[in-house]
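Since the structure comes first, as structure tokens, the remarks are kept for the end.
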Amino acid sequence: MTGACTRTLLGCVLILLLAAGMRPQTSTPGAPNQSAEAATATVPAQAKAQEQEQKPAPVYESATVLKSITRLVVVDVVATEKDGAVTDLKQDDFTVLEDGKEQKVRVFNFQQPHAKAPGAVAVAASKPPENVYSNAARFSASSSLNILLLDALNTNLPHQAYVRDQMIRYLEKMPEGQPVAVYMLSTKLTLLQDFTDDPAVLKKVAKGIKSHMSPLLDNPAGGPDAELLPAGLVDAGLVPAQMLSAMQSFEQERVAFQTDLRLTYTLNALTSIARALSGYPGRKNLIWISEAFPLSIDPNMELTGDSFAGTRNYGPQIAEAADSLIDAQIAMYPIDARGLVPLSMFEASNSGRDRFGRSMARPGRMATAVSAESAQLQSVHGAMQEMADRTGGRAFYNTNGIDASIRKSIDDGSTYYTLAYYPENKNWNGKFRKIHIKVNRSGVKLRYRLGYYAVDPTLFAEKNQKQQDSAFALALSPDSPIATGLPFNALVIPPAEAAPKTVRVNFGVDPHAISFERLPDGLQHATLECTVEAFSAKGKLVRGELTTVKAALKPDTFSQVMQDTFPCQQAIDLEPGNYYLRLGVRDSRTGLIGTTNAKVVVASAAPAKP
């Protein structure tokens, strides 16, 4: 940590809390019981301040402007022609339109990987001080960062094995200067490898990947689906029509509920990745290799009695998840793990019967089954395309070359132009605003995000308490990656003799990432939550404590804080033992979150002297 508070952090906290008008309020959150292995991470103590114009909307132009918010909208543009990427365009070649109205480009630059790029490097090479932890972004790259998300939740075992082989195949010819991180999604999100551009390290990780059997797929091991009724029973008239209709409706609802869970797990994982990468400047390419989930469910191809059974439309949830990726400057590159998908009706393993044991040879049944399966596949590919289009990426399906798709995704997202503008329309009404970019050269194709939601970023506090608590709880889960949206350093102080069970954590939060508001009283107001959750060695939540700091800073104190850190202190009482700590901070106005992992040992009290 830097500044005066490095030497006497506890003193700074106490002085500022008393002198700067900060009112801490402490409470114990009612966190749900979690069972997961909490991984510790040693991170540099020095937080690297990110320039505001490098971050996607929302960005605060000035913390001292009275109730004035200026959003810098950042748009990454990939320009290609038939021979590949276009690298010689200038700012004057582009025209940016928002809802049809031209916008003035304030920021323009071009990024591409260099032939001998050093790749990802640590921001701070020095070893952090003892007991100091940080969530500062630890890597920088010559152009963009790449994330491989291997999806075992939505992918069966044979296709997982195929993806692993294709990934190894890509790594054998991986170019230099393209840092990659690897995540695995099952019922929880796991970081297998942080950013590195060393193919040997990544290949070792790929070879060590173990397949996971998804509990939310009907047939996670692959092969034909199980039949629910004995063959020929329905065709022989031995099952009443009313009973068959009830079974069909139940089956449709079961599949829909199962898909609901898959979608929830997946979109939560994507949101967690967005939080983890929001503190990293520049473009990030998220390569999601999966069988995915449908954009919508319309299971009534057979016209059962209940025309609404199992019907779903996931468009709004997908749009919300895509918006969180957009805010973190992440472009989505979905790849269908199945490759070129044949119709199951014509596979050698097909029995010629449906799930209810009915023969497909009966008039109309085969056509209906083929139509339903084709519609389902199109809906899955539609969801992939929707995520790619909304974030400015590209979807790959109906191709067996997964290794080539990975290579194209990284190449596509590593050469791009960044354009940024302040919207002329200052009415933050929450509506979606379409972005359209034109280039004055024929034959050039552009790819960029479709737009953004014009939401006032300070309206997070108006969301209901359940939404706020759910977002924070997800970020604080040990299964979630470290969130970098609100950078901070934290000094963990073990118990002292005077308080043998009390662990104290002194937070120093980057004040430039906090939303301050100057009110008529002339003071700068902000509200920050700091929390500490303690987990046992087995990952069981033992205790959690939360403090809310409400600051009202005088101008001179505000200037001092802006030059150093915003302090917050949290204490937690623990019995003797070894603990993993999940440290978290949140801006109550904007919802920006920062988290990191720490550890502490609480020693047994020494026996009293006779």
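The values are calculated or read from the model by the stated rules, or taken from the named source; none is laboratory data. What you see is a predicted model; the values in this text were computed from it and never measured. Neighbour counts run over all protein chains shown; Cβ positions are idealised from the backbone, glycine included. In case anyone asks, the SASA skips ligands and DNA or RNA and just uses the protein heavy atoms, side chains included. Shrake-Rupley method; radii C 1.70, N 1.55, O 1.52, S 1.80 Å.
Observations on the model:
- Our estimate of slack between ALA361 and ALA246, defined as 0.36 nm per intervening residue step minus the Cα-Cα distance, is 39.0 nm.
- Euclidean distance of C-alpha centroids, region 191-205 and region 548-610, integer Å: 33
- Sorted largest first by accessible area at a 1.4 angstrom probe radius, with every protein chain in place, the residues ASP93, ASP151 fall in the order ASP93, ASP151.
- Residue order for TRP288, TRP428 - accessible surface, 1.4 angstrom probe, largest first: TRP428, TRP288
- Each residue, ALA372 and ALA498, gets one label point 7 Å from its Cα in the Cβ direction; the gap between the two is 7.2 nm.
- For region 326-411: accessible area per residue (Å², 1.4 Å): 42
- FRET efficiency, ASN219 to SER296 (Cβ-Cβ, R0 22 Å, nearest 0.05): 0.50
- Accessible surface ranking for ARG275, ARG449, 1.4 angstrom probe, highest first: ARG275, ARG449.
- For region 162-311, the solvent-accessible area of protein heavy atoms averages 46 Å² per residue (probe radius 1.4 Å; ligands and nucleic acids excluded).
- For region 389-488: relative contact order, % (alpha-carbon pairs under 8 angstrom, 6 or more apart): 29
- MET366 sits among other residues whose Cβ lies under 12 Å from its own Cβ, and their net charge, with Lys and Arg +1 and Asp and Glu -1, is +2.
- Environment charge of GLN378, counting only residues whose C-beta is closer than 13 Å and scoring Lys/Arg +1, Asp/Glu -1: -4
- Residue-count net charge about TYR333 - beta-carbon cut-off 14 Å; Lys, Arg +1, Asp, Glu -1: 0
- Candidates per trypsin sites (Lys or Arg not before Pro) in region 531-610, loop by DSSP, up to 10 other Cβ within 10 Å: LYS538
- Of the solvent-accessible surface of region 536-576, computed with a 1.4 Å probe and all protein chains present, 47% belongs to carbon and sulfur.
- Think of region 249-295 as a dipole: +1 on every Lys or Arg Cβ, -1 on every Asp or Glu Cβ, centred on the Cα centre; then among VAL255, PRO294, ILE273, ILE273 lies furthest on the positive end.
- Beta bridges from DSSP with both residues in region 127-269: antiparallel share about 45 percent, rounded to the nearest 5.
- Taking region 201-330 and dividing mean pair separation by its residue count, relative contact order in percent (alpha carbons under 8 Å, at least six apart): 29
- Here the accessible area is traced with a 1.4 Å probe on the protein chains. For region 221-294, carbon and sulfur cover 65 percent of it.
- Using the Karplus relation 6.51 cos²θ - 1.76 cosθ + 1.60 with θ = phi - 60°, the per-residue 3J(HN,Hα) values for region 483-489 come to 8, 10, x, 10, x, 7, 10 Hz, with x marking Gly and Pro.
- Computed from the Cβ-Cβ distance with R0 of 51 Å, the FRET efficiency linking ASP556 to SER470 stands at 0.85.
- Our summary gives region 430-474 a relative contact order of 40 percent, counting only alpha carbon pairs under 8 angstrom and 6 or more residues apart.
- Rounded Å value of the spacing that divides the Cα centres of region 312-343 and region 416-480: 16
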